[in-house]
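Report on one structure; see the data block that follows.
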Amino acid sequence: MTILFFTYVLPMILTIIVLYHKSDEVTNGDFIMIVFVSLFPILNFFIGCVGGLTVLCESKTINNFLNKRIK
């Protein structure tokens, strides 16, 4: 059950958050399309995990935190 959670449910939630965050304006149709895309396991894993880490690293707050810690 935990494997299913970490390989399917968590990346699905991350996919929805990443696609919603990266879109400028989201309509109801766009949101339904985002949820539909997040139901496919392979896309779900790559967009959710890899895209989520990319968006997280592009965040200005995270960049400031990392720059302070690296120096």
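Quick grid of which residues meet (1) in contact with a Pro (Cβ under 6 Å, 6 or more places away or on another chain); (2) within 26 Å of I3 (Cβ to Cβ); (3) aromatic (F, W, Y):
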| site | (1), (2), (3) |
| --- | --- |
| T27 | no, no, no |
| P41 | no, yes, no |
| F46 | no, yes, yes |
| L53 | no, yes, no |
| C57 | no, no, no |
| N64 | no, no, no |
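Going by the structure shown, is V26 of a type outside the set (D, E), out of contact with any Ser or Thr (no Cβ under 8 Å at 6 or more places or on another chain), in a loop (DSSP other than H, G, I, E, B) and surrounded by 13 or more Cβ atoms within 10 Å (Cβ to Cβ)?
Values: of a type outside the set (D, E): yes; out of contact with any Ser or Thr (no Cβ under 8 Å at 6 or more places or on another chain): yes; in a loop (DSSP other than H, G, I, E, B): yes; surrounded by 13 or more Cβ atoms within 10 Å (Cβ to Cβ): yes.
Against the criterion (of a type outside the set (D, E), out of contact with any Ser or Thr (no Cβ under 8 Å at 6 or more places or on another chain), in a loop (DSSP other than H, G, I, E, B) and surrounded by 13 or more Cβ atoms within 10 Å (Cβ to Cβ)), V26 qualifies.
Looking only at the range 1-27, count every residue that is touching a helix residue (DSSP H, G or I) at 6+ places or on another chain (Cβ under 8 Å) and not β-branched (V, I, T) and tell me the total. Show your work before the answer.
To start, the set of residues in the range 1-27 that are touching a helix residue (DSSP H, G or I) at 6+ places or on another chain (Cβ under 8 Å) comprises 7-8, 10-23, 26.
Still in the running and not β-branched (V, I, T): 8, 10-12, 14, 19-23.
Within the range 1-27, residues that are touching a helix residue (DSSP H, G or I) at 6+ places or on another chain (Cβ under 8 Å) and not β-branched (V, I, T) number 10.
So which residues in the range 52-71 are part of a helix (DSSP H, G or I) and either at positive phi or among the hydroxyl-bearing types (S, T, Y) (or both)?
Taking the range 52-71 as the starting set, the residues that turn out to be part of a helix (DSSP H, G or I) are 52-58, 60-70.
Of everything in the range 52-71, those that are part of a helix (DSSP H, G or I) and either at positive phi or among the hydroxyl-bearing types (S, T, Y) (or both) turn out to be T54, T61.
Of the residues I16, I32, I47, I42, which is among the β-branched types (V, I, T), outside any loop (DSSP other than H, G, I, E, B), modelled with pLDDT of 75 or more and surrounded by 15 or more Cβ atoms within 10 Å (Cβ to Cβ)?
On the way: I32 fails: surrounded by 15 or more Cβ atoms within 10 Å (Cβ to Cβ); I47 fails: modelled with pLDDT of 75 or more; I42 fails: surrounded by 15 or more Cβ atoms within 10 Å (Cβ to Cβ).
Exactly one residue qualifies, and that residue is I16.
The values are calculated or read from the model by the stated rules, or taken from the named source; none is laboratory data. All figures in this text were calculated on a predicted structure; none of them were measured in a lab. Positions of Cβ are backbone-derived with ideal geometry, glycine not excepted, and every protein chain shown enters the neighbour counts.
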